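To keep things clear, I will list the structure first and then write my remarks on it.
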Amino acid sequence: MKTRKRFANFIKTIILPVFVFVLFFILTRAQGIMYYGTANMWMTILRTVCYTLTVSFGIAVQIRAGRMDFTGGITFILASMLSGMVTVNAGGNSWMLLGISVLAGVLISVITATVYIVARLPIVICTIGMALLYESLTTIVGRNGYDLQHIDNLTYFGRVPGIIMAAVFVMILYFVYTNYTVCGYQTRHLRNNQLAAINIGINEKKNIYVAYIISGVIFGIAGVIYCTQTRLDVQSNLSTVGPLFSNLVIVYMGFYFGTFSTDTIGVFVASLSVALFNYGMSAIGLDNGLDKILYAFFFMILINIITENAWRIKALFQKKKQQPDM
């Protein structure tokens, strides 16, 4: 019985990426497009998934604790700007870029956590204000912008195998934090009932700082990948919320698929599904704005099904609970 249940959970976990791949494989072949499904496509998908994974896990740390943090996008962008500025001026390499980016990500995150704790403002108001403040700093740090994509000794973590190493490290860090640390376990209680959690002795401030340090490390790594694939320019008017919300879909999808395995696997599966969808839309020629509309429509329906009708979906797969394990 246990084997059958594990197999059923495995099928539920991989069903979406398999469906998306098969759908676009059929559509592209019907149009005579032969490169969908080739090794080159999978390399592109791999790099995309590694980037979205790192950002999504950074967001997931806060969402899992019940905090909708709007500083996620600017945290990894500002961290990448600071590390790029210092590393270029010092003539450093990719490892220096990574180290400074992680330190900057942690520092920015700790500042955000401190303001949140001291000011006692609602998390949305606090983080929107901090996001605007951090965006203003990009006019000082990156006034002329930075383009690190063509500096070979700084792009190790933007290409294989460096980008895989970064993504795997983030996955392991998130998995260990959420499953094998006291603070990771206590975030569930804080999310479900904050007052009750505090009354039973859970230190909320400590949990906030630990969560922000973990997300800061992850965002620092995401910043290194980001700056090796995209030009860094000045940010303003909450423009950094875009990268945040584009990956928020992945987080919520990942949490749902994680109910059949773990959040770590769920976020990976969600990232893969979105990457396959976007690549498929581009392959069939729908990359002129219509792809974004269809993407929003498709995943809006999916998220609605997941959040509002999750119990019905589970009921479709539910086995007889009274049947004893073999």
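Rule-based calculations on the coordinates, nothing more; no lab input. Computed from a predicted structure; not experimentally measured. Cβ: placed from backbone, ideal geometry, glycine included. Neighbour counts: every protein chain shown.
Couple of notes before you dig in:
- Of interest is the spacing of the C-alpha centroids, which for segment 1-16 and segment 75-149 amounts to 41 Å.
- Computed extension length for Asp147-Ile198: 13.7 nm, one decimal, from 0.36 nm per residue of separation with the Cα-Cα distance subtracted.
- Full extension of the chain segment joining Trp95 with Val18 gains 24.1 nm, where the gain is 0.36 nm per residue of separation less the Cα-Cα distance.
- Residues Phe10, Phe24, Phe219, sorted so that the one with the fewest Cβ neighbours within 10 Å comes first: Phe10, Phe24, Phe219
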